[in-house]
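Here the structure comes first, spelled out in structure tokens, and everything after it is commentary.
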Amino acid sequence: MQINPDQLANQLKRGLAPVYFVYGEELFLVEESLRAIRDAAHAAGYLERQVLTVESGFDWNSLFVSAQSLSLFSERRLIELRLPTGKPGDAGAKVLIEIAAQPPADTVLIVSCGKLDRQTRETKWAKALESAGVVVAIYPLEAAQWPAWIRGRMERKGLKPGPGVVDLLAHLMEGNLLACAQEIDKLAMLFGAREVGLDDIEGNLSDNARYNVFALADASLRGEPATVARILDSLRGEGVEPILILWALAREARELAQMASMVAAGQPVMRVLDARRVWAKRKPLMSAALKRLSPEAAQDLLRRAARTDRILKGRGAGDVWQELQCLALSMSGLKPGTCAI
């Protein structure tokens, strides 16, 4: 049986399977799923735990012997097999197939690894594990899936997200599940089981530097060059890494370039914003920027971001802070050559 991480809790409530196969490239969700299985196993009396990591020269016969032998203390056992490469080889595949064909009594086997390609997922050993128990397949969240994931996690923590809260967290934390989960945990500790509003979020962000980076991007979109320069100077003085600033500005530049092209093709601005899933609070910012920037100017922002990235990585000559300032000010509406104010 194959399930996703959101279905794991209900599956565990129905009873432990003899085999769990957990894989995926989103390591935070992989580890969280493994922890949920461990906790359920411990609660069910599986008190002895053995952890094996497959490395060069790993003795697969030791896994087979361990799985078939009785527990030293006659307790229920949890055997965790970590398979970093996702490739057990012929010897490992044979052992996994044999164990899956006849899972040992009073034992739960967990096999975990990272991302698996389709060919590996179709191998006999992977199919054998699926037939013997439960596969938890974990894939990266798409941007459109973030709001539902955030809302569900907040509700499981007893929090009720107020208007705009889910959208704000999705915007600030997109691409970083761990940071988002930590933020939600902190909010749960601070506010308990109640509604959380935008003021609660904005006033309690654990990473103020990250929030200020987004404030810089917002000021650029609003067309406020003096504010842009002031925030950028503050970020530099605080020692914020240039790569974080570039990430935030480049993300807006990519969005603007795509949306500007759609508007130039004749689509109404609001329809474009809806199609790109821009949340309500940010629509005025993006709308103002699209009216101010031509498609050519938006493409120039992408080129500036690429140039800044090359300088940041040591592949181009120039001052990265000067380039960041030019990128942010250009986004605010200043024409090339007038970046310094």
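Here are some notes:
- Selection count where residues are surrounded by fewer than 20 Cβ atoms within 10 Å (Cβ to Cβ), outside any loop (DSSP other than H, G, I, E, B) and within 25 Å of the chain's Cα centre (by Cα), scope segment 223-247: 4
- Among the candidates ALA170, ALA126, ALA181, the residue that is of a type outside the set (Val, Ile, Thr), buried (at least 17 other Cβ atoms within 10 Å of the Cβ), assigned by TED's automatic domain parsing to the domain that holds SER69 and assigned to a helix (DSSP H, G or I) is uniquely ALA126.
- From ARG82, ARG35, residue being of a type in the set (Lys, Arg), within 19 Å of LYS127 (Cα to Cα) and surrounded by fewer than 16 Cβ atoms within 10 Å (Cβ to Cβ): ARG82
- Candidates GLU195, GLU183 - the one that is touching a Gly at 6+ places or on another chain (Cβ under 9 Å) and of a type in the set (Asp, Glu): GLU195
The values are calculated or read from the model by the stated rules, or taken from the named source; none is laboratory data. In this text, all values refer to a predicted model and were calculated from it rather than measured experimentally. FYI the Cβ positions are ideal-geometry reconstructions off the backbone, even for glycines, and counts take in every protein chain you see.
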